[in-house]
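Presented below is the structure to which this report refers.
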Amino acid sequence: MDNRQVLVVNGGKRIEGELEVHGAKNSALPLLSAAVLAHGESILHNCPRLTDVDAACRILTCLGCRCSRSGSTVCVDATNVSGSEIPENLMREMRSSIVFLGAVLGRTGRCRLSFPGGCELGARPIDLHVSALRQMGAVITEEHGYLSCSAPSGLKGARITLSFPSVGATENILLAAATANGVTEIHNAAREPEICDLAEYLTKCGAKISGAGDGVIVIEGTERLEPSEHSVIPDRIVAGTYLCAAAITRGELILTHCEPSHMTAFIQVLEAMGCRTYAYGGGKLFISCKKQLSAPPTIRTMPYPGFPTDIQSLFTALCATAEGTSVFVETIFENRFRHAAELMRLGAQIKVEGRVAIVEGVKSLSGAKLCAAELRGGAALVTAALAAEGTSEISGLCYIDRGYESIESALRSVGADIRRV
Ligand code: UD1
């Protein structure tokens with residue numbers, strides 16, 4: 001992509017209409033990695049067209065899989081997995097490629113990849129992944145920025161207790177345990193919907209998994225997984241982004257192809273701020289925000305089913321024009337308020353102290369030149385620009401494109417004045 005591209009937004013237009021939510025990036029990535037374990041061709045529907053998904057497909061090809069896309073369906077033929085190394089350039093392209101570790105190790109008995117290192121959200125350690133796989137019999141060495149893993153006598157089941165319910169570590173353990181010898185228990189497992197989606201696909205492939213979505217997951221290893229067909233769950237963060245876009249422009253929106261039950265934590269906050277929402281069933285959610293919004297009670301990001309860290313930045317933007325003082329406590333990632341300084345260029349009043357941000361609502365925002373520094377923070381800038389008077393210009397689109405299928409087309413279809421130039 002051309003890095004000079006920017007989004008030009010003429011703010012002040014109300015969001016109104018109907019918008020379809022695409023498949024979840026954070027589900028598609030572990031599902032694509034899981035396909036490595038299946039001996040044959042898996043078919044994944046509702047797979048979003050995102051640069052991170054493209055990067056995952058390049059990793060699959062590099063491992064010897066055949067990967068093709070038709071519309072939103074991606075086919076992964078893992079009949080001949082020949083490689084077990086993920087080149088550094090692909091690891092750098094997408095930090096979350098660490099989720100290939102458990103699957104490649106499970107399928108080939110080894111895996112070599114470069115250390116994912118820090119990222120735009122602060123240090124992103126993988127100690128929980130490494131420690132769990134070691135408990136399952138993997139021999140792991142770290143040198144010159146590379147992680148070399150092997151399971152000389154195969155992976156074996158283990159009782160693993162995570163000190164924090166890490167999403168990525170839970171996924172890697174699930175993947176490694178699916179074909180390990182014996183029973184694996186994950187205590188204090190992550191409970192995110194994406195974990196359930198991964199467990200569901202693996203189960204269709206023949207894995208024996210119980211408890212996904214609860215704090216304790218039990219996996220009875222099977223020798224071999226067969227391919228299957230699966231549809232990626234809707235992206236709850238993308239859905240939340242569009243709800244915030246409707247709310248900040250005091251608009252009215254119907255989301256289709258979404259799953260409101262995955263969004264309870266932030267739908268409650270929108271209601272508390274003065275929005276009206278209604279879930280029709282059949283994946284439809286209505287939101288209306290015709291009046292001035294008021295600041296919500298303190299928002300504290302937490303593991304699922306708590307308030308998602310990924311939607312925090314969108315709500316900071318939303319609260320910028322809500323009446324009163326909003327307080328955000330970010331407990332999951334350090335360095336996740338980088339969008340605050342950019343929002344202030346639009347006239348927002350935000351004070352950040354460590355993991356706390358305090359937003360004093362202002363009457364209106366006005367257009368400015370902004371730069372996205374990470375995915376969701378970038379989407380927050382777009383959302384705020386929709387409500388700002390005048391023209392805003394947002395650069396750093398490579399981050400936004402990692403998680404949104406053409407955010408400008410989606411927003412334009414519901415009334416926004418936004419274009420990519
Ligand atoms: C996933 C999501 C990301 C989301 C996050 C939390 C994907 C591709 N990404 O990221 O969008 O924001 O869940 O919901 O699904 N940690 C450790 N050691 C580890 C692993 C994690 O200390 O070995 C820490 C991290 O630094 C972070 C916290 O645990 O502070 C949460 O990380 P984790 O749940 O693992 O998030 P990801 O899987 O990286």
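The values are calculated or read from the model by the stated rules, or taken from the named source; none is laboratory data. These numbers come from a predicted model, not from an experiment. Counting neighbours? That spans all protein chains shown, and the Cβs are built from the backbone with ideal geometry, glycine included.
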Which condition number in (1) over 21 Å from the mean Cα position of the chain (by Cα); (2) closer than 22 Å to residue 26 by Cβ; (3) not aromatic (Phe, Trp, Tyr) is the one that residue 136 fails?
(2)
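From the list 72, 82, 27, which one is in contact (Cβ under 8 Å) with a residue 12 or more places away in the chain, among the hydroxyl-bearing types (Ser, Thr, Tyr) and in contact with a helix residue (DSSP H, G or I) (Cβ under 6 Å, 6 or more places away or on another chain)?
Of the residues listed, the single one that is in contact (Cβ under 8 Å) with a residue 12 or more places away in the chain, among the hydroxyl-bearing types (Ser, Thr, Tyr) and in contact with a helix residue (DSSP H, G or I) (Cβ under 6 Å, 6 or more places away or on another chain) is 27.
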Of residues in the range 311-325 being crowded, with 24+ Cβ neighbours inside 10 Å and farther than 12 Å from residue 348 by Cα, the one farthest from the ligand (Cβ to nearest atom)
315
Any idea how many residues of the range 270-325 are more than 20 Å from the chain's Cα centre (by Cα), aromatic (Phe, Trp, Tyr) and not in a strand (DSSP E or B)?
0
The condition from (1) under 27 Å from residue 245 (Cα atoms); (2) crowded, with 16+ Cβ neighbours inside 10 Å; (3) in contact with a helix residue (DSSP H, G or I) (Cβ under 6 Å, 6 or more places away or on another chain) that residue 5 misses is numbered (2)
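Quick check on the range 132-155. Is at least one of its residues near the ligand (Cβ under 10 Å from one of its atoms) and out of contact with any His (no Cβ under 7 Å at 6 or more places or on another chain)?
Pass one, the range 132-155, residues near the ligand (Cβ under 10 Å from one of its atoms): 132.
Keeping just the survivors that are out of contact with any His (no Cβ under 7 Å at 6 or more places or on another chain) gives 132.
Checked the range 132-155: at least one residue is near the ligand (Cβ under 10 Å from one of its atoms) and out of contact with any His (no Cβ under 7 Å at 6 or more places or on another chain).
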Only one of these conditions is not met by residue 274: (1) small (Gly, Ala, Ser); (2) surrounded by fewer than 24 Cβ atoms within 10 Å (Cβ to Cβ); (3) under 25 Å from residue 29 (Cα atoms). Which number is it?
(3)
Would you check which residues across the range 249-260 are crowded, with 23+ Cβ neighbours inside 10 Å and part of a strand (DSSP E or B) and list them?
253, 255
Considering the range 104-133, residues that are within 22 Å of the chain's Cα centre (by Cα) and under 26 Å from residue 82 (Cβ atoms), and then whichever is modelled with the lowest pLDDT, we arrive at 116
Close pairs (8 angstrom Cβ cut-off, 6 or more residues apart or separate chains): in contact (Cβ under 8 Å) with a residue 60 or more places away in the chain in the range 335-349, surrounded by fewer than 18 Cβ atoms within 10 Å (Cβ to Cβ) anywhere
335/120; 335/122; 336/122; 338/120; 338/373
Quick one: residue 336 ticks every box in (1) at pLDDT below 95; (2) surrounded by fewer than 18 Cβ atoms within 10 Å (Cβ to Cβ); (3) in contact with an Asp or Glu (Cβ under 9 Å, 6 or more places away or on another chain) bar one, so which box is it?
(2)
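For the structure I just gave you, tell me whether residue 325 is out of contact with any Asp or Glu (no Cβ under 9 Å at 6 or more places or on another chain), hydroxyl-bearing (Ser, Thr, Tyr) and at pLDDT 95 or above.
Working: out of contact with any Asp or Glu (no Cβ under 9 Å at 6 or more places or on another chain): no; hydroxyl-bearing (Ser, Thr, Tyr): yes; at pLDDT 95 or above: yes.
Spelling it out, it is not the case that residue 325 is out of contact with any Asp or Glu (no Cβ under 9 Å at 6 or more places or on another chain), hydroxyl-bearing (Ser, Thr, Tyr) and at pLDDT 95 or above.
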Is it the case, given these coordinates, that residue 368 is touching a residue at least 40 places away in the same chain (Cβ under 8 Å) and either in contact with a helix residue (DSSP H, G or I) (Cβ under 7 Å, 6 or more places away or on another chain) or basic (Lys, Arg) (or both)?
no
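Would you pick out the residues in the range 354-377 that are acidic (Asp, Glu) and at pLDDT 95 or above?
Correct list: 360 only.
I'd like the full set of residues that are over 15 Å from residue 13 (Cβ atoms), of a type outside the set (Gly, Ala, Ser) and surrounded by fewer than 19 Cβ atoms within 10 Å (Cβ to Cβ), limited to the range 375-400. Write out each step before concluding.
Let us first name the residues in the range 375-400 that are over 15 Å from residue 13 (Cβ atoms), namely 375-381, 393-400.
Among the residues that remain, those that are also of a type outside the set (Gly, Ala, Ser) are: 375-376, 381, 393-394, 397-400.
Correct list: 393, 398.
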Selection from the range 168-195 of residues that are over 15 Å from residue 103 (Cα atoms) and surrounded by fewer than 20 Cβ atoms within 10 Å (Cβ to Cβ):
182, 183, 185, 187, 188
